[in-house]
Amino acid sequence: MSSAWITGFSLSMALIVAIGAQNAFVLRQGLRREHVGPVVLFCAAMDALLIAAGVAGLGGVVGAAPTLTTLLSWGGAAFLTVYGLRALWRARRPGALAAAAGEGLSRRQALAQVAAFTLLNPHVYLDTVLLVGSVGAQQAAALRPAFVVGAASASALWFSGLGYGARLLAPVFARPGAWQVLDLVIGVTMLALAAALLR
């Protein structure tokens with residue numbers, strides 16, 4: 001196995017395994033068993049695209065555009081604040097939190113939300129494009145494709161495990177109280193991330 005592949009895989013996995021807006025949304029969709037395939041595919045494909053773009057040199061462009069980062073921060077903070085408040089509102093009504101209860105998202109709505117979590121988050125560009133991209137760009141030209149494949153493989157493995165593995169937690173989330181705790185955690189996490197972006 002190529003050392004470039006291992007480097008890409010390890011770096012991507014280390015950055016992606018964290019409680020963030022995108023991961024929380026994928027987990028929630030997995031628990032509800034709603035459009036898991038399209039959501040996981042979108043996350044993995046966007047990561048692969050952004051990693052490849054970063055290795056190809058987009059990281060330098062992002063690093064040299066502080067105005068773009070500022071605009072993304074404000075947009076991302078606004079979106080995270082709204083989503084966080086909605087999660088806290090859901091947590092106030094535990095009777096409506098059962099996995100099969102309530103009106104779910106359409107596929108278009110789910111993809112629109114995961115796109116916002118992905119593309120309005122400046123950390124996606126700083127981590128995936130700038131950091132992973134700059135490490136990949138330091139690889140010898142012949143090894144860069146292996147690095148990109150390794151990093152993209154880690155992303156695909158993580159999102160697949162998170163989305164499809166969530167069903168193993170279904171017995172726990174059969175109780176409305178568990179959904180209440182999850183929504184409280186998601187709401188607080190989203191608001192904390194929004195505050196961090198504004199800082």
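Within segment 3-11, can one find any residue that is under 10 Å from the mean Cα position of the chain (by Cα) and either buried (at least 22 other Cβ atoms within 10 Å of the Cβ) or farther than 27 Å from Ala146 by Cβ (or both)? No, segment 3-11 contains no residue that is under 10 Å from the mean Cα position of the chain (by Cα) and either buried (at least 22 other Cβ atoms within 10 Å of the Cβ) or farther than 27 Å from Ala146 by Cβ (or both).
The number of residues in segment 21-60 that are of a type in the set (D, E, K, R) and either surrounded by 19 or more Cβ atoms within 10 Å (Cβ to Cβ) or within 28 Å of Gly136 (Cα to Cα) (or both) comes to 3. On inspection, Phe159 passes the criterion of being at pLDDT 80 or above and not acidic (Asp, Glu). In the set Val114, Val135, only one residue is over 18 Å from Val26 (Cα atoms) and in contact with a Phe, Trp or Tyr (Cβ under 9 Å, 6 or more places away or on another chain); that residue is Val135.
Those helices (runs of 4 or more DSSP H) of segment 104-168 in which 2 or more residues are farther than 17 Å from Ala45 by Cβ and in contact (Cβ under 8 Å) with a residue 40 or more places away in the chain occupy 133-137, 144-165.
From the list Gly150, Gly104, the lone residue that is touching a Lys or Arg at 6+ places or on another chain (Cβ under 8 Å) and within 25 Å of Val39 (Cβ to Cβ) is Gly104.
The values are calculated or read from the model by the stated rules, or taken from the named source; none is laboratory data. Since the structure is predicted, the reported quantities are computational estimates derived from the model, not experimental observations. Here Cβ is always computed from backbone atoms with ideal geometry, including for glycine, and neighbour counts include all displayed protein chains.
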